[in-house]
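The values are calculated or read from the model by the stated rules, or taken from the named source; none is laboratory data. Predicted model only: the values in this text are computed from it and were never measured. So basically every Cβ, Gly included, is an ideal-geometry build from the backbone, and we count neighbours across all protein chains shown. These area figures cover heavy atoms from the full protein model, side chains too; ligands, DNA and RNA do not enter into them. Shrake-Rupley method; radii C 1.70, N 1.55, O 1.52, S 1.80 Å.
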Amino acid sequence: MSLNPLAVELNDLLQEKCPTAYALLSGRGRKLYYPKGILTQSAEAKEKAHKFNATIGIATEGGVPMHLPSLAKYFPEIGPGDSFNYAPAGGRPDLRAAWKKKMLAENPSLAGKEISLPVVTAALTHGLSLVGDLFVDPGDVLLLPNMFWGNYSYTYSVRLGAAIRNYNTFTESGGFDVPAMAAALKEVAAEKGKAILLLNFPNNPSGYTITEPEAEAILAAVVETADTGAKVLVVCDDAYFGLFYEDCLKESLFARLVGRHPNVLSVRLDGATKELFVWGFRVGCITFGCDCQCDCGCAEAYEALVKKTMGAIRGNISNCCNLTQTLVLRALRDPALPAERQQKFDVMQARALKVKKVLNSGKYDDAWTYYPFNSGYFMCLHLKTVDAEKLRVHVLDKYGVGAISSGPTDLRIAFSCLEVGQIQEVFDILYQGVKDLA
């Protein structure tokens, strides 16, 4: 099957401006383009059709999108155009610009660097799927720590046929096992000529974010691998960004990867879901960062990647929800937002620190240890004497307490949904469950 001329044009541009991005594209990614069809013609008409616009597939009435009063009454401060109309395939331009501004403000290492304009996704899972569309072929290897979110396996292995290769998450002393990651990265790069490394901090399920020295060690490992000539794609899943409670890296690793090496392409996935506490809004972003070796910079390469991403969105869900994008944009523009976010952060931090205080009491030492955690929503127990799934089922059936088992020894606790005053009782019940089974 021959490629569409628009896809060829984007591929040629990437080969010239950012050959690493082109080399990392999957077979599907090389076919992707943004069609100059109805959407493009409608966009042109929106700009120039000052008399009549008979292009886009919505119904209008009185110059605004047709709507039902029984629905419109719930959005008294939002006009029909911002609630009932379609959003562009790449997302609302004003939201994309506002999210980029937020990203630059929260990640000091991005100062003076070029990154793409974020593309709006239907939250993080959709962003992960788009990464797969662009860069993952059957038989490719995805590098993950052995403590990882199960949906990665579904997205990349079940759907796309990639192989998951794990490395040890923590060293015996309790830090992130950078040497294990570096060895796995080097091994895959030597086998395939490319490597796909997915990093998730704060980590789900462990609740761990790397320290500053660990971040620099990861960057050194990526650069060392790229120096061999291998192409490296680093995907930063920053779903829980900003929820950093103790000593750890306080910005995205993406910010330090951008411009680090010409053989490295970095992708950031983040969104409003956890950062603004709007789980059902399904508003996320995908952003690209590379190191183009040309005088004109990376703008054209980014535009090509953005168009391919928009093409993938157009061929899948068409576009993301306009109403929730509008609400996120308005929140970002609200001067009260920083103080409100800080208040919720303080609540979450108090819960995390209470969990640590309870676990450090020594009361439960015969039943479990816990993995390092300093951020995010979760922490994990490492059970010493009972099977995690058996304990999960037992405390659920007998005591009405829910937790998540992950393998034979690990039990994940979401302190994000526990009040401070409930935490002691939860662990007491888990401990009683261990004694019951023993």
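³J(HN,Hα) across the stretch 323-331 via Karplus (A = 6.51, B = -1.76, C = 1.60, θ = phi - 60°), whole Hz, x for Gly/Pro?
Rounded to whole hertz, the list is 4, 5, 4, 4, 5, 5, 4, 5, 5.
Over the chain, give the accessible area per residue in Å² for a 1.4 Å probe, as an integer.
44 Å²
Report the longest stretch of the chain that contains none of the GluC sites (Glu not before Pro) sitting in a DSSP loop with at most 15 other Cβ atoms within 10 Å.
Maximal segment without exposed cleavage sites: 247-418.
Evaluate the relative contact order of the stretch 204-296 (contact order divided by residue number), counting alpha-carbon pairs under 8 angstrom at least 6 apart; express in whole percent.
28 percent
Using a 1.4 Å probe on the protein chains only, how many percent of the accessible area of the stretch 252-381 belongs to carbon and sulfur?
Roughly 53 percent of what the probe reaches on the stretch 252-381 is carbon or sulfur.
When the C-alpha atoms of the stretch 292-438 are aligned to their principal axes, what extent does each axis show, in angstrom, from largest down?
Computed over the Cα atoms, the extents are 65, 36, 34 Å.
Are there trypsin sites (Lys or Arg not before Pro) in the stretch 271-376 that DSSP puts in a loop and that have at most 16 other Cβ atoms within 10 Å, and which ones?
For trypsin sites (Lys or Arg not before Pro) across the stretch 271-376 that sit outside H, G, I, E and B with at most 16 neighbouring Cβ atoms in 10 Å, the list reads Lys363.
Considering only DSSP states other than H, G, I, E and B, which trypsin sites (Lys or Arg not before Pro) in the stretch 60-112 qualify as loop sites with at most 12 other Cβ atoms within 10 Å?
Within the stretch 60-112, the qualifying trypsin sites (Lys or Arg not before Pro) (loop, at most 12 other Cβ atoms within 10 Å) are Lys73.
Normalised by the number of residues in the chain, what is the relative contact order in percent for Cα pairs under 8 Å and 6+ residues apart?
Across the chain, relative contact order equals 18 percent.
Looking at Leu327, Gly421, Ala403, which one has the Cα that reaches farthest to the positive end of the dipole of the chain (charges on Cβ: Lys, Arg +1; Asp, Glu -1)?
Selected residue: Leu327.
Please sort 22-32, 392-402 by packing, taking for each peptide the average over its residues of neighbouring beta carbons within 10 angstrom, highest first.
Ranking, from highest mean packing down: 22-32, 392-402.
Label 7 Å along Cα→Cβ of Phe75; the stretch 304-333 residues with amide nitrogen under 16 Å?
The answer is 319-331.
Return, for the Cα atoms of the stretch 207-289, the radius of gyration and Dmax in Å, separated by a comma.
Both quantities, over Cα of the stretch 207-289: 14.0, 43 Å.
How compact and how long is the stretch 230-370, expressed as Rg and Dmax of its alpha-carbon atoms in Å?
Values for the stretch 230-370 (Cα only, Rg and Dmax): 19.6, 62 Å.
Using amide H atoms built in the peptide plane, which far-off residues or other-chain residues are under 5 Å from Thr60 H to H?
Here the answer is Met66, since their amide H atoms fall under 5 Å of that of Thr60.
Rg to Rh for the stretch 91-241: what is it, with Cα atoms only and Rh by Kirkwood?
Radius of gyration relative to Kirkwood radius: 0.96.
Which of the lysines could a cross-linker bridge to Lys398, judged by Cα under 20 Å and excluding same-chain residues fewer than eight apart?
By straight Cα distance, Lys398 reaches Lys390, Lys435.
For the stretch 143-267, calculate the relative contact order in percent as a whole number, restricting contacts to Cα pairs under 8 Å that are 6 or more residues apart.
Over the stretch 143-267, the number comes to 24 percent.
Sequence-distant or interchain residues sharing an amide H contact under 5 Å with Tyr370, placed H: which?
His382
For Asp177, what residues show an amide H to amide H distance below 5 Å, using hydrogens built from the backbone and excluding near sequence neighbours?
Those lying under 5 Å, H to H, from Asp177 are Phe170, Thr171.
Can you list the HN-Hα couplings for the stretch 377-387, worked out from phi with the Karplus curve (6.51, -1.76, 1.60; θ = phi - 60°), rounded to whole Hz and with x for Gly and Pro?
10, 10, 8, 10, 8, 10, 6, 9, 10, 10, 6
Where a Cα-Cα gap under 18 Å defines reach, which aspartates and glutamates qualify for Lys354, not counting those fewer than 8 residues away within the same chain?
Answer for Lys354, where 18 Å is the Cα cut-off: Glu246, Asp247, Asp346, Asp365, Glu419, Glu425, Asp428, listed by chain and number.
Can you tell me the Rg and Dmax of the chain, counting just the alpha carbons, in angstroms?
Rg and Dmax of the chain, Cα atoms, are 23.4, 79 Å.
Using square roots of five times the C-alpha gyration tensor eigenvalues, list the equivalent-ellipsoid semi-axes of the stretch 167-215 in whole Å, biggest first.
After scaling each eigenvalue by five and taking roots: 21, 12, 9 Å.
Tell me, Kirkwood radius of the stretch 162-306 from alpha-carbon pair distances, in Å?
16.1 Å
Using the Karplus curve 6.51 cos²θ - 1.76 cosθ + 1.60 with θ = phi - 60°, what ³J(HN,Hα) values do you get for each residue of the stretch 254-269, in whole Hz, with x for Gly and Pro?
3, 4, 8, 7, 4, x, 6, 7, x, 8, 10, 10, 10, 10, 10, 10
Based on alpha-carbon centroids, what's the gap between the stretch 329-359 and the stretch 371-438 in Å, whole number please?
With the stretch 329-359 and the stretch 371-438 each reduced to a Cα centre, they are spaced 24 Å.
Apply the Debye scattering formula to the stretch 57-102, with a single equal point scatterer on each alpha-carbon and no solvent, then give log10 I(q)/I(0) at q = 0.15, 0.19, 0.20 Å⁻¹.
Treating every Cα as an identical point scatterer, log10 I(q)/I(0) equals -0.49, -0.70, -0.75.
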